[in-house]
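See below for the structure under consideration.
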Amino acid sequence: MKKILAIVAHPDDEVLGLGGTLCKHVNMGHETKVLILSDGESSRNFSTEDQLKSAIDKRKNAACSAGKIIGYGEPLFGSFKDNSFDSSNLLDIVKFIEHVVEDFVPNVIYTHCSHDLNIDHQITNEAVIVASRPKAKSSIEAVYAFETLSSTEWSFNKRRSFQPNLFINIESEMDKKLQALKCYDNEMLSAPNSRSYEAVQVLGKRRGFQVGIPCAESFEVIREIKK
């Protein structure tokens, strides 16, 4: 049995980026956990502290509901300020992730693409790479980076773009991914916005068609050890 850890910046990234893959891991009997580093709300404008707290609680509840649907249960949460990871000490983020890694002892880690437009995604990737650095007798066999709609494809940098080289068939898991995504319905927009249910389905088909299957999630292989 493998131990799978997804490390994401915001509540909803875990479903947008790899909801189908997480569902597949759960169905395969792998012990699966999700670590969410921020609340996803504290960078927004609220009139009162009570409104902010209510929004944070609602977003966390949505993450827990999504986790139940996919099957890994309640996520772990960090307390780093939303869209302000660049104002945090990178070492603090690294140490927080290291503590989770040491406690859970994962075999596979998924995290954000380093090329994303969102600064929190970029720093999450950097912190994960440091926290999962290769050591003798490490449990970590693979580290993969996923794409996040409305961030990865908005980084219009020809020299640094998402180049997937791992494709996971989620034809049987797409319905559950969409069901879990509805827990974050307040974060979703109407088509043709990138962050829409239609866009999620189109991306799944596009990545699948790239490799001759009906539907897929795609990843960049950061590091992989075959045993």
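The values are calculated or read from the model by the stated rules, or taken from the named source; none is laboratory data. Values in this document were obtained by computation on a predicted structure and should not be read as measured data. Reconstructed Cβ throughout: ideal geometry from the backbone, glycine too, with neighbour counts over all protein chains shown.
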Would you confirm whether any residue within region 100-111 is surrounded by fewer than 23 Cβ atoms within 10 Å (Cβ to Cβ), hydrophobic (A, V, I, L, M, F, W, C) and modelled with pLDDT under 95?
no
When residues of region 13-65 are limited to those that are part of a helix (DSSP H, G or I), of a type in the set (S, T, N, Q) and modelled with pLDDT of 95 or more, the one surrounded by the most Cβ atoms within 10 Å (Cβ to Cβ)
T21
A careful count of residues in region 120-148 that are modelled with pLDDT under 95 and not in a loop (DSSP other than H, G, I, E, B) gives 0
With respect to D185, determine if the residue is out of contact with any Pro (no Cβ under 6 Å at 6 or more places or on another chain), in contact (Cβ under 8 Å) with a residue 24 or more places away in the chain and part of a helix (DSSP H, G or I).
no
Of the residues S218, S151, only one is part of a loop (DSSP other than H, G, I, E, B) and surrounded by 14 or more Cβ atoms within 10 Å (Cβ to Cβ); which?
S151
Anything in region 188-215 that is outside any loop (DSSP other than H, G, I, E, B), within 25 Å of S65 (Cβ to Cβ) and in contact (Cβ under 8 Å) with a residue 24 or more places away in the chain? List them, or say none.
A199, V200, Q201, L203, G204
Qualifying residues in region 93-119 (those that are in contact with an Asp or Glu (Cβ under 6 Å, 6 or more places away or on another chain) and assigned to a loop (DSSP other than H, G, I, E, B)) - the one farthest from S38 (Cα to Cα):
N107
Filtered residue count, region 101-131, keeping only those that are in contact with a strand residue (DSSP E or B) (Cβ under 6 Å, 6 or more places away or on another chain) and free of Cβ contacts under 8 Å to residues at least 40 places away in the same chain
1
Scanning region 74-99 for residues that are touching a residue at least 24 places away in the same chain (Cβ under 8 Å) and under 18 Å from H25 (Cα atoms), which turns out surrounded by the most Cβ atoms within 10 Å (Cβ to Cβ)?
P75
Just the residues that are assigned to a loop (DSSP other than H, G, I, E, B) and under 12 Å from the mean Cα position of the chain (by Cα), please, taken from region 1-12.
A9, H10, P11, D12
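For region 175-191, give me the residue count where each residue is among the polar types (S, T, N, Q) and either surrounded by 15 or more Cβ atoms within 10 Å (Cβ to Cβ) or over 18 Å from K58 (Cβ atoms) (or both).
First pass over region 175-191, keeping only residues among the polar types (S, T, N, Q): 179, 186, 190.
Keeping just the survivors that are either surrounded by 15 or more Cβ atoms within 10 Å (Cβ to Cβ) or over 18 Å from K58 (Cβ atoms) (or both) gives 179, 190.
Qualifying residue count, region 175-191: 2.
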